[in-house]
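Right, one structure below, let's go through it.
The values are calculated or read from the model by the stated rules, or taken from the named source; none is laboratory data. Everything quoted here is computed from the prediction, not taken from an experiment. Glycine gets a Cβ as well: all are built from the backbone with ideal geometry, and neighbour counts include every protein chain shown.
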């Protein structure tokens, strides 16, 4: 027999556990996400690079495992940026060719390209060594 004289008590659902779970998920995704600034370096495609005549006056930067080399001279990244920045102030349309040697990591190549982009080198091309 059911007692109908007493009103039914409603079960209350607490929102505290739900808020706790949402907060924990928010903290997890904030800590797991990456806050790196993604930048793009503009490069010319080989088909757009032009003929051999456009290579006159170009600056060749070699990225080697032992460091950077330009015009047969070993230099630091800061010296390279200064020299290319000075040349680009005089001749803004100078082509800069970047040639990573075999065994050079992609990160080192991108770091040099970003440094050249910082000195406003707009005419950048990445080339590879000719196969013997």
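Below is a table of values for the structure above.
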read-out	value
Positions within segment 102-121 being surrounded by 14 or more Cβ atoms within 10 Å (Cβ to Cβ) and part of a loop (DSSP other than H, G, I, E, B), in sequence order	104, 119, 121
Residue among 89, 95 that alone is surrounded by fewer than 16 Cβ atoms within 10 Å (Cβ to Cβ) and under 23 Å from residue 56 (Cβ atoms)	89
The lone exception for residue 78 - which of (1) over 14 Å from residue 124 (Cβ atoms); (2) surrounded by 13 or more Cβ atoms within 10 Å (Cβ to Cβ) it fails	(2)
Per-region count, segment 7-41, residues without any contact (Cβ under 8 Å) to a residue 12 or more places away in the chain, surrounded by 10 or more Cβ atoms within 10 Å (Cβ to Cβ) and either outside any helix (DSSP H, G or I) or touching a helix residue (DSSP H, G or I) at 6+ places or on another chain (Cβ under 9 Å) (or both)	0
Meets criteria (in contact with a strand residue (DSSP E or B) (Cβ under 9 Å, 6 or more places away or on another chain) and at pLDDT 85 or above) for residue 61	yes
